[in-house]
Structure formats: C-alpha cells, structure tokens
Amino acid sequence: KQQYKDKKIIFSLGRLVTYKGFEYLIYAAEYLPEDYVILIGGEGPLKQHLQDIINQKQLNSKVCLLGYLDDVDVFSYYKACDLYCLSSIEKTEAFAIVQIEAMSFSKPIVATEIFGSGVSWVNKNGYSGINVPPKNSQKLSLAIIEILQNKDRYDKYCNNARQRYLEFFNIKSMIDNVLVLYNSIFDK
C-alpha cells in the first residue's frame, strides 16, 4: 500500500500463459484513470511478451508484472488490493480458485463469462462483482471503474464477496454440501 500510495490497486495472479488473458487486462489499463494500478503476479512463458506490451503502450506507471510470489506475498497482495480481476479467456480456466482466495479477503471480483466454465458461477454477477465477456479490455476497465468509483457499491460487493466465500467455499460449507449430495444419492 505504501508503494502504491493514493492508487486503487487491481490485483491478478496466475501463470503467464495465453488462456489467462493477461494481455486484455494490460490493454484495459489504457482506459483506467491515472490513479489505478494493475499488479499481476506470476511467472510463465508470456512474461517478456506481456512486458513488451506494457513498454510499447507506455503503461509502466499503470501495470506491473510482479513475478513469482510466495504464499506470504500472495496473501499480502490480496489484503492490499482494492479489487481482484480474473481476465481468463478460455474454459481451460475451469473454476479459478484465485477468485475464492480474493473473496476470503472480502475483495470484489471482475471476471469473465467463459462459456463452459465455472468462473462466472464463482463470481456471482451483480452480487460479488461483475462478469464481462472474454477478450474485451474496454469492458474489463468499465467494470473495474464501476466498482471502484462508487463507495456504496464497492462496500456492498466487498461484503457480498465475503458472504459468498463463507456460504459456498469455506471448508465446512464444502464438506456439508458434499455430504448432502452423498446422502441424496444413497437415499435413492
């Protein structure tokens, strides 16, 4: 928070590979106000390509590739960020546990609606955040701005993200739901 003082922090995390859609998140920075910064954690084969986009578009003040983050650092970034963004573009992104981790820290989510994946189910549109079409940098940026520029809406999404985590994704809830499913099968 000290390093990015007076900036709204958008955090994203994952392997730097094609299906994560990080280039669309980087392009989204062009549409964001100057007091927004996108921090992307992770390593992968597209690191230099993504850095080249940042350099070519002169987005070094708005986008930073953080590289590998250990668990302690990851949780520090979740805690420090204002919003988590999942920019994935293919159903290879089946569920995105990173969304759940962000929700456990009461962070609103901007994610993509990937047909055939569970991504947009995890982030309930209009409740814990906003889901947008994949490969659409402008809609990513508009959703980020929509959440971060309205304090009441932001607070609602933060609270709802935490509630969704507690309701569906903490260990006790998941075990209870599996037991209900098993019992319904065995009762037949």
Tabulated pairs, the stretch 59-84, first without any contact (Cβ under 8 Å) to a residue 12 or more places away in the chain and over 24 Å from R162 (Cβ atoms), second assigned to a helix (DSSP H, G or I) and open to solvent by 20 Å² or more (accessible area, probe 1.4 Å), C-beta under 7 angstrom, 6+ apart or interchain: none
Where a residue in the stretch 36-51 is of a type in the set (S, T, Y) and its partner, wherever it lies, is open to solvent by 20 Å² or more (accessible area, probe 1.4 Å), with Cβ under 6 Å and at least six apart: Y36/K8
Filter result for K172 (without any contact (Cβ under 8 Å) to a residue 12 or more places away in the chain, under 20 Å from A28 (Cβ atoms) and either assigned to a helix (DSSP H, G or I) or open to solvent by 40 Å² or more (accessible area, probe 1.4 Å) (or both)): no
Wholly enclosed helices (runs of 4 or more DSSP H) of the stretch 50-152 bearing at least 3 residues surrounded by fewer than 16 Cβ atoms within 10 Å (Cβ to Cβ): 71-80
Among the residues listed as L50, L32, the single one being over 20 Å from I97 (Cβ atoms), among the aliphatic types (A, V, I, L, M) and in contact with a Ser or Thr (Cβ under 6 Å, 6 or more places away or on another chain): L32
Selection from the stretch 15-40 of residues that are open to solvent by 60 Å² or more (accessible area, probe 1.4 Å) and either touching a helix residue (DSSP H, G or I) at 6+ places or on another chain (Cβ under 8 Å) or assigned to a strand (DSSP E or B) (or both): Y27, E30, Y31
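The values are calculated or read from the model by the stated rules, or taken from the named source; none is laboratory data. Computed from a prediction, not measured in an experiment: that's the story for all the values here. Here Cβ is always computed from backbone atoms with ideal geometry, including for glycine, and neighbour counts include all displayed protein chains. Keep in mind that these areas ignore ligands, DNA and RNA; they rest on the heavy atoms of the full protein, side chains included. Shrake-Rupley method; radii C 1.70, N 1.55, O 1.52, S 1.80 Å.
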